[in-house]
1. Label points 7 Å out from Cα along the Cβ direction at residue A:38 and residue B:136: separation in nm?
2. With springs connecting C-alpha atoms under 10 Å apart, model chain B as a Gaussian network and identify which of B:124, B:86, B:44 has the largest mean-square fluctuation.
3. Relative contact order (percent) for chain B, with alpha-carbon contacts under 8 angstrom and 6 or more residues of separation?
4. Using a Gaussian network for chain B with springs between C-alpha atoms less than 10 Å apart, which of these wobbles most: B:101, B:93, B:38?
5. Among B:56, B:13, B:128, which one moves the most in a GNM of chain B with springs linking Cα atoms closer than 10 Å?
6. Arrange the following residues from fewest to most other Cβ atoms within 10 Å of their Cβ: B:114, B:58.
7. Could you calculate the contour length gain from residue B:41 to residue B:93, that is, 0.36 nm times the residue separation minus the distance between their Cα atoms, to one decimal place in nm?
8. Whole Å is fine, so just give me how far the alpha carbon centre of region B:1-19 lies from that of region A:1-20.
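Read-outs: derived from the displayed coordinates by stated rules, not from any lab. In this text the structure is predicted, and so the values were computed from the model without any measurement. Every residue, glycine as well, gets a Cβ built from its backbone with ideal geometry; the counts of neighbours run over all protein chains shown.
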């Protein structure tokens, strides 16, 4: 899985450079986030602008990251959702759980 | 003229093939001649249903055994879309799972809810040495 990970002040920005976030690759995202939590990096922004397709496993990995960040007094936010991806969050009511921003700049400023 | 389509494909029991099968579903949605609904939405939904059903077959029914196989058929006959996913396992009846609790933040359990939300009928039954998950939807 191709991820671009960079620190922006207190926030770690993860850009998912994949067309799909699914049962095949979402485990890697989960593992990468756990590594960050172990290093004490608990504020994460995930940019999904390149992601065209998310399934329930992909959503599950984001929920896992959200729960871990919250448990460590941090936060996990999302940005760059394509319309079809956004409708997945609505179908599963997860749009009420995550803070979702149009772009990375606004999202970074919100931490 | 009737527009009947049938696609029959077998892949190894590995998640690396999810994207391939999902893409075939999307391409069918985009190719349909007479579909009157939102074509891009149907493409996403076919990709999603195939991905979720295959993941259940690979991970649960076939227990991640790479030597097994997943068999998928996609057919459209008289405006009815029918997707069948055959596994070679002991059975994992997704149709008996409860609706997820949306207040909880469970990492799992949304796949079957998604399939049920999109398709009109969902049924799981024995077939030869395994099981088949059959899903249908009448297209507009």
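1. Modelled inter-label distance: 5.1 nm.
2. Fluctuation is largest for B:44.
3. This gives 26 percent for chain B.
4. B:101
5. B:128
6. Fewest-to-most Cβ neighbours within 10 Å comes out as B:114, B:58.
7. So the chain would gain 16.0 nm between residue B:41 and residue B:93.
8. Comparing the Cα centres of region B:1-19 and region A:1-20, I get a distance of 33 Å.
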